Amino acid sequence: MIKTRFAPSPTGYLHVGGLRTALYSYLFAKKNDGKFLLRIEDTDRERYVADGVKNILESLFWAGIVPDEGVIQEESGKIGEVGKNGPYTQSERLPIYKKYSEQLLSEGHAYYCFCTSERLTQLREQQTARKMPTGYDGLCLKIDPTEAKTRAEAGEKCVVRLKMPKSGETVFTDMIRGEVRFKNELVDDQVLMKSDGYPTYHFAVVVDDHLMEITHIIRGEEWISSVPKHLQIYKYFSWEVPQMAHLPLLLNPDKSKLSKRQGDVAVEDYRKKGYLPEALLNFVAFLGWNPGTEKEIYSLEELVQDFDFSKVGKTGAVFNIEKLDWYNKQYIKNLSNKELVEKAKSWLQETGIDVKSEIIEKAVSLERERITTLSELPEAIKFVFELPNYHSDLLVWKKSDIEEVKKILPIFVEFVDTIGIQDWNKETLSQKIGEWSEQNGFSRGSVLWPLRVALSGQENSPGPFEIAEVLGKEETLNRLQLAVKKLSI
RNA sequence: GGCCUCAUCGUCUAAUGGUUAGGACAUGUCCCUUUCACGGACAAAAUACGGGUUCGAUUCCCGUUGGGGCUACCA
């Protein structure tokens with residue numbers, strides 16, 4: 001049984017890079033009828049963000065990536081857990097890490113280190129100055145283990161370090177990169193247990209992945225350098241090593257690692273701006289993976305079907321918002337009017353638009369193909385509910401002049417008044433108004449431009465017949481009469 | 001500095017020894033058209049560089065250059 005996991009650290013909100021990592025882990029698990037687990041790695045108490053866990057869960061839920069095991073968001077919105085291998089939050093697993101570190105200590109595979117952080121900093125500075133590789137010098141390795149244990153138990157401040165072999169090589173095969181090898185002498189004696197009693201990432205991740213029976217570790221490329229340390233821990237415990245896939249990083253437009261400074265990185269930011277989860281997911285899925293065909297639009301279900309690590313690339317990908325915008329437009333375009341109202345509800349209400357209005361669905365349909373994000377919708381459809389105050393000059397078509405408009409509009413209003421309610425739909429209106437223009441010898445533009453401006457009050461807007469249908473006969477006539485009035489002033 | 005790693009249009013990418021190097025986004029032009037958007041057509045746009053191997057390299061090997069990651073009692 002294949003089991004993958006996403007193990008974020010709540011040092012902030014869910015990052016779009018994290019979303020992609022979670023997505024790939026989820027896809028791989030689902031594709032292989034396996035399970036997807038979510039674990040919270042909160043061993044860094046200094047960078048802990050209070051609502052980080054909540055945001056990570058909410059963002060994943062929003063995207064449709066739901067864990068089978070581990071920390072979950074319950075229906076009520078509360079944070080809960082499912083599975084037999086819990087707890088799934090590392091801060092609740094401290095006794096477990098203590099037990100395993102003691103095993104390593106007693107077997108001579110780890111040792112207590114009493115060095116102060118000042119000494120460590122100094123050591124690093126000296127090494128850097130001499131252009132030597134940095135790393136622990138092994139000073140505390142010389143202390144007799146029994147004596148060290150006594151000192152530690154007496155309460156002396158200390159950490160536990162991994163005893164890394166200083167010769168030989170560590171080789172492993174990454175699912176994306178193939179064989180990668182490291183010289184052991186260059187691998188540091190990594191701290192396993194910090195002086196505050198918490199494990200470091202490197203120790204907790206190995207213990208938990210083993211205990212939670214993870215078969216495939218899928219994570220960002222920034223972890224690849226730490227793999228030798230992790231493998232050494234597996235070796236000391238004689239544990240089976242999971243398969244690993246290190247994903248290429250997401251990049252800023254200048255190709256540096258995707259960062260907050262150069263734009264939005266939290267999934268939350270995109271959600272708030274009105275990007276659809278389907279679009280964001282489709283977009284990030286294609287950052288580093290592609291199906292090898294020309295199909296571009298993929299639902300989560302389809303991604304599960306076609307996802308394959310053999311098609312995941314090795315190069316970092318720029319997070320290109322223009323492409324995301326295109327995806328979002330595609331998804332918005334395919335929404336029904338009802339769905340669009342429902343999804344854009346919060347933005348509509350925020351702007352004071354009544355989502356219960358009888359014409360809301362029709363109003364929304366006017367702009368469906370014109371907006372990029374849901375947050376643009378209220379501003380775009382506002383003119384339907386409240387005509388903007390426009391200048392009469394706007395009523396003049398570029399190929400016409402003010403005299404012609406003044407001549408056409410009043411008689412046009414009279415004609416519109418003769419159109420019956422039963423014919424009040426865009427097709428019939430188009431036909432009747434077209435015929436009228438032709439019979440009177442007016443060009444389409446000289447009639448339709450002022451009509452459209454009179455109805456929308458805007459230089460750019462949907463077509464006049466669609467707007468007229470949404471507005472209804474009475475409001476259409478009101479707006480036309482107002483235009484006539486504007487012209488006569 | 002050391003270690004690891006990557007390298008096809010501006011961007012996301014396809015093509016693993018033989019293609020006019022394909023697609024998408026963005027850009028430009030045109031068509032549609034009352035405006036905007038949609039849609040359609042067309043255009044411009046790439047194998048980082050230098051050596052090999054080979055009849056033949058985007059593709060395999062070596063080097064150079066450039067980018068990125070790591071180098072914490074952070075993840």
Checklist entry - When you look at A:L377, is it within 12 Å of RNA strand B (Cβ to nearest atom), in contact (Cβ under 8 Å) with a residue 60 or more places away in the chain, part of a helix (DSSP H, G or I) and touching an Asp or Glu at 6+ places or on another chain (Cβ under 8 Å), yes or no? => result no
Next on the checklist: If I go through the range A:321-346 residue by residue, how many of them are of a type in the set (D, E, K, R), within 16 Å of RNA strand B (Cβ to nearest atom) and either surrounded by fewer than 17 Cβ atoms within 10 Å (Cβ to Cβ) or more than 20 Å from the chain's Cα centre (by Cα) (or both)?
Outcome noted: 4
Item to check | Restricting the range A:295-320 to residues that are of a type in the set (V, I, T) and surrounded by 14 or more Cβ atoms within 10 Å (Cβ to Cβ), the residue that is farthest from A:R368 (Cα to Cα) | outcome: A:V312
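Does A:E475 satisfy being surrounded by fewer than 19 Cβ atoms within 10 Å (Cβ to Cβ) and within 14 Å of RNA strand B (Cβ to nearest atom)? Spell out the reasoning first.
Details: surrounded by fewer than 19 Cβ atoms within 10 Å (Cβ to Cβ): yes; within 14 Å of RNA strand B (Cβ to nearest atom): no.
When the stated conditions are applied, A:E475 does not pass them.
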Next on the checklist: Here's a check for you: in the range A:385-408, which residue that is closer than 26 Å to A:W436 by Cβ and away from RNA strand B (no atom under 14 Å from the Cβ) is surrounded by the fewest Cβ atoms within 10 Å (Cβ to Cβ)?
Outcome noted: A:E403
Next on the checklist: Between A:V304, A:V284, which is in contact with a strand residue (DSSP E or B) (Cβ under 9 Å, 6 or more places away or on another chain) and modelled with pLDDT of 95 or more?
Outcome noted: A:V284
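Here's the yes/no breakdown for (1) within 12 Å of RNA strand B (Cβ to nearest atom); (2) in contact (Cβ under 8 Å) with a residue 40 or more places away in the chain:
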{"site": "A:Y48", "(1), (2)": "yes, no"}
{"site": "A:G52", "(1), (2)": "yes, yes"}
{"site": "A:E74", "(1), (2)": "no, no"}
{"site": "A:G83", "(1), (2)": "no, yes"}
{"site": "A:A110", "(1), (2)": "no, yes"}
{"site": "A:A129", "(1), (2)": "yes, no"}
Checklist outcome for this item: Those residues of the range A:342-376 which are basic (K, R) and more than 15 Å from A:I467 (Cβ to Cβ) amount to A:K343, A:K345, A:K356
Item to check | Sole exception among (1) closer than 24 Å to A:K30 by Cβ; (2) within 8 Å of RNA strand B (Cβ to nearest atom); (3) not charged (D, E, K, R) for A:V318, by number | outcome: (1)
Next on the checklist: Looking only at residues that are among the acidic types (D, E) and without any contact (Cβ under 8 Å) to a residue 40 or more places away in the chain in the range A:315-365, which one is nearest to A:A266 (Cα to Cα)?
Outcome noted: A:E322
Checklist entry - Could you list, in sequence order, the residues of the range A:454-465 that are within 8 Å of RNA strand B (Cβ to nearest atom) and either assigned to a loop (DSSP other than H, G, I, E, B) or not hydroxyl-bearing (S, T, Y) (or both)? => result A:Q458, A:E459, A:N460, A:S461, A:P462, A:G463, A:P464, A:F465
Item to check | Single residue of the range A:270-289 satisfying the filter (surrounded by fewer than 21 Cβ atoms within 10 Å (Cβ to Cβ) and within 11 Å of RNA strand B (Cβ to nearest atom)) that is nearest to A:L258 (Cα to Cα) | outcome: A:G288
Checklist outcome for this item: Of (1) within 8 Å of RNA strand B (Cβ to nearest atom); (2) surrounded by 15 or more Cβ atoms within 10 Å (Cβ to Cβ), A:A152 fails just (1)
Checklist entry - Here are A:F415, A:F465, A:F383: which of them is farther than 29 Å from A:D354 by Cα and modelled with pLDDT of 95 or more? => result A:F415
Checklist entry - If we only count strands (runs of 3 or more DSSP E) wholly inside the range A:37-129, which ones have 1 or more residues that are aromatic (F, W, Y)? => result A:110-113
Next on the checklist: Any residue in the range A:446-469 that is among the basic types (K, R) sitting within a Cβ distance under 8 Å of a residue that is more than 6 Å from RNA strand B (Cβ to nearest atom) and part of a helix (DSSP H, G or I)? List the pairs, counting only those 6 or more apart or interchain.
Outcome noted: A:R452/A:I467
Item to check | Condition broken by A:G292, with the remaining ones in (1) near RNA strand B (Cβ under 8 Å from one of its atoms); (2) within 21 Å of the chain's Cα centre (by Cα); (3) exposed (fewer than 14 other Cβ atoms within 10 Å of the Cβ) satisfied | outcome: (2)
Checklist entry - Can you name the condition, by its number, that A:V416 falls short on among (1) assigned to a loop (DSSP other than H, G, I, E, B); (2) surrounded by 14 or more Cβ atoms within 10 Å (Cβ to Cβ)? => result (1)
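The values are calculated or read from the model by the stated rules, or taken from the named source; none is laboratory data. Only a predicted model underlies this, so the values are computations on that prediction, with no experimental measurement involved. When we count neighbours, we look across all protein chains shown, and the Cβ atoms used for this are built from the backbone with ideal geometry, even at glycine.
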